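Chemist: Here it is, the structure, as structure tokens.
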Amino acid sequence: MPERTATIASRSGLHARPAAIFAEAASEQPVEVTIAMPGAPADDALDAASILSLMTLGAAKGDVVVLRAEGDGADAALDSLVTLLETDLDAE
Amino acid sequence: MQNFQGVGVSPGRVIGTIRQMPKPVSEPPSGEQLAASTTAEDAVVGLKAAAQSVHDELKARADKASGDGKAVLEATALMAKDTMLLKSATKLINNNGSSAERAIWEAGASVSEMLHNLGGYMAERATDVLDVRARIVAELRGVPAPGIPASDTPFILVAEDLAPADTATLDPAIVTALVTSGGGPQSHTAIIARSLGLPAVVAARGVDEIPDGAEVFVDGAAGSLSLEPSEEQRAAALAWVENSATLAVFDGKGTTADGHLVPLLANVGGAKDAAAAAALGAQGVGLFRTEFCFLERDTEPTVLEQAAAYRGVFDAFPGKKVVLRTLDAGADKPLPFLTDATEPNPALGVRGYRTDFTTPGVLERQLEAIAIAADESEAEVWVMAPMISTPAEAARFASLCGAAGIKTPGVMVEVPSAALTSASVLRHVAFASLGTNDLTQYAMAADRQLGPLAELNTPWQPAVLRLVQLTVAGSAEEGNGKPVGVCGEAAADPALAVVLVGLGVSTLSMTARSLAAVGTVLKTVTLEQAQELARLALSAPDALDAKAWVRAKLPILEELGL
């Protein structure tokens, strides 16, 4: 299954506004994308399009997360979401 | 013509149609099952449709909103169709045969608890999940969504009481007046109404039975609501439109008819308020509430962060007086790093200046930040501590101020003991400011937020006026002419403002929107007349008479609809 790692760049971490922006973007992808902390089993990965899941993940600025997706367009979806995570969304 | 009588808390006379604020959504009974006629599949489809429409409604409101409100609404909209929430509800429907209402209720509760346990920012979002859950249940039941009704046409809002959170969704261009069946004169509804300049009546029993769409006349000064407005009332509402235009402008000079100067100052909570107050002609700031720099924080802001926030307010009043109140946490303003939420009696607990007993250091760092900001600005900065009870506390606060390089330390007089010993208290500091909201609450032993105690909880109580008089007398006894001002909501009531001036109060500080009304009325009386009215109020047997007697001698109030 295609996967990518990304380092959270937003100052407030992956909650508040950055979580909303990221969840919205994930829900617009043609494939289902999951998010997890590195080392966590893939089965326990959370739905990246769920703002509540993102908030319970509690990823802070500088934390590394793993994104996974499968199917047509998975690679493109992952690449665009990684870019988003590595942007400081609080600055916008 | 049916009349409902309550307590007027913000003047204005308007005619409009009413909208009832929907009752809070009740909990679906525990163990509620799917109706026999409904399959689990249908229930899930229904739930998803309800969630989608709640999402769409919140999203549409977010699109129209701006700033912080927009961000919160956008995040809340996403929660409505969140897969984590819906999957957990779906599981309850499929596995337990729960009704859709009960399933989303329980799913929301567990997600909310999870966020709550994470603490900090997440904990604050826990209530958003509960709000979304209530909206979905309302949608499933086909009843109106909780909260202030969304509308494109103006209406008069009738509610049991408003919460601070409702302010965010209250659009003063749409809501033309507020009437509540509960709440008191110091309730959040009253404070919200005054800050927005909306006519408001609180504690008007029976108003929650008035049907939506009924045309009513509201008089925020008289504290009444009438069904089927008369021709006279229609004329009064029209006259108010004109009066309110003149009452919107303060000429920046508070004085009695005979030239006794009473500077009229503003109560502000931050730089934005301060700029607005300066534009409305405020002669300075009589109460700068610094909690707003601290609220919604899990940890104490740094000295430099604080200094920057204070500077924003100071800069709006170059060359003028800005009276800053040090952190007033506790009771209705808890702060996670400072106050204990489990106290049995928070209003009588560790709050205001007293947080320095349990968490020393925060106050000293705040004073350091104030001194930095004051040095960099041109405002004349005075600093006072809230909830001072004894001369010894005043002395200690003054020495902390001195050590930080603050020249003008003062105290708030809110605890009756401080009013009774004001001569001794004032020996240690340069000024006192009466916080009439808390002074009333403590003198009358009546919780500010409780509707049933509204009649006790008014600064018109002769006992409260006596405490004001004693505080002023204490300053005279002290002998150095140290000023005693008022910075509670009492100063915003034009009739009471005249009484306070008559009692010898030297400055009045209020929500900026009340400056013009207070200034206009003050100009119509001489100092001697104000003193006469003060004696009259003190001699009244109760608050209702005190107010009625004074108002009868100030015909301009009725003329202007104040």
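Chemist: Which residue, of B:Glu113, B:Glu74, B:Glu101, B:Glu124, is within 30 Å of A:Ala60 (Cα to Cα) and touching a residue at least 24 places away in the same chain (Cβ under 8 Å)?
Modeler: B:Glu124
Chemist: Exactly one condition in (1) within 14 Å of chain B (Cβ to nearest Cβ); (2) in contact with a Gly (Cβ under 8 Å, 6 or more places away or on another chain); (3) within 20 Å of B:Leu78 (Cα to Cα) is false for A:Leu46; which is it?
Modeler: Failed condition: (2).
Chemist: Given the options B:Val45, B:Val111, B:Val9, name the one that is out of contact with any Cys (no Cβ under 8 Å at 6 or more places or on another chain), part of a helix (DSSP H, G or I), β-branched (Val, Ile, Thr) and away from chain A (no Cβ under 14 Å).
Modeler: Details: B:Val111 fails: away from chain A (no Cβ under 14 Å); B:Val9 fails: part of a helix (DSSP H, G or I).
When all the criteria are applied, what remains is B:Val45.
Chemist: Which residues, counting only those in the stretch B:57-108, are surrounded by fewer than 17 Cβ atoms within 10 Å (Cβ to Cβ), small (Gly, Ala, Ser) and within 9 Å of chain A (Cβ to nearest Cβ)?
Modeler: Residue satisfying the conditions is B:Ala71 alone.
Chemist: Is it true that some residue in the stretch B:235-247 is modelled with pLDDT under 95 and not in a helix (DSSP H, G or I)?
Modeler: Yes: one or more hits.
Chemist: Anything in the stretch B:117-153 that is over 22 Å from B:Pro28 (Cα atoms) and of a type outside the set (A, V, I, L, M, F, W, C)? List them, or say none.
Modeler: B:Asn117, B:Gly119, B:Gly120, B:Tyr121, B:Glu124, B:Arg125, B:Pro149, B:Ser151, B:Asp152, B:Thr153
Chemist: Count, please, the residues in the stretch B:458-515 that happen to be assigned to a helix (DSSP H, G or I), touching a residue at least 60 places away in the same chain (Cβ under 8 Å) and among the polar types (S, T, N, Q).
Modeler: Summing the residues that are assigned to a helix (DSSP H, G or I), touching a residue at least 60 places away in the same chain (Cβ under 8 Å) and among the polar types (S, T, N, Q) in the stretch B:458-515 gives 2.
Chemist: Return yes or no: is A:Thr56 assigned to a helix (DSSP H, G or I), within 14 Å of chain B (Cβ to nearest Cβ) and either touching a Cys at 6+ places or on another chain (Cβ under 8 Å) or surrounded by fewer than 21 Cβ atoms within 10 Å (Cβ to Cβ) (or both)?
Modeler: yes
Chemist: Conditions: (1) touching a helix residue (DSSP H, G or I) at 6+ places or on another chain (Cβ under 9 Å); (2) more than 24 Å from B:Thr511 (Cα to Cα); (3) crowded, with 18+ Cβ neighbours inside 10 Å. B:Ala398 meets all but one. Number of the miss?
Modeler: Among (1) touching a helix residue (DSSP H, G or I) at 6+ places or on another chain (Cβ under 9 Å); (2) more than 24 Å from B:Thr511 (Cα to Cα); (3) crowded, with 18+ Cβ neighbours inside 10 Å, the lone unmet condition for B:Ala398 is (1).
Chemist: If you don't mind, another one. Run A:Met1 past the list (1) part of a helix (DSSP H, G or I); (2) in contact with a helix residue (DSSP H, G or I) (Cβ under 9 Å, 6 or more places away or on another chain); (3) farther than 22 Å from B:Met79 by Cβ and report the number of the one that doesn't hold.
Modeler: So the condition that A:Met1 fails would be (1).
Chemist: Just to be sure I understand, how many residues within the stretch A:1-33 are touching a Phe, Trp or Tyr at 6+ places or on another chain (Cβ under 8 Å) and closer than 14 Å to A:Ala48 by Cα?
Modeler: Of the residues in the stretch A:1-33, 2 are touching a Phe, Trp or Tyr at 6+ places or on another chain (Cβ under 8 Å) and closer than 14 Å to A:Ala48 by Cα.
Chemist: Suppose we keep only residues that are away from chain B (no Cβ under 12 Å) and at pLDDT 90 or above within the stretch A:3-27. Which one would you say is surrounded by the most Cβ atoms within 10 Å (Cβ to Cβ)?
Modeler: Across the stretch A:3-27, the extreme among qualifying residues is A:Ile8.
Chemist: Could you give me the residue pairs with C-beta distances under 8 Å whose first residue belongs to the stretch B:252-281 and is farther than 19 Å from B:Arg311 by Cβ, whose second residue is in a helix (DSSP H, G or I) and charged (D, E, K, R) wherever it lies, and which are 6+ apart or on separate chains?
Modeler: B:Asp258/B:Glu528; B:Leu280/B:Arg513
The values are calculated or read from the model by the stated rules, or taken from the named source; none is laboratory data. Owing to the predicted nature of the structure, the values given are computational and were not obtained by experimental measurement. Quick reminder, even Gly has a Cβ in these numbers, built from the backbone with ideal geometry, and neighbours come from all protein chains shown.
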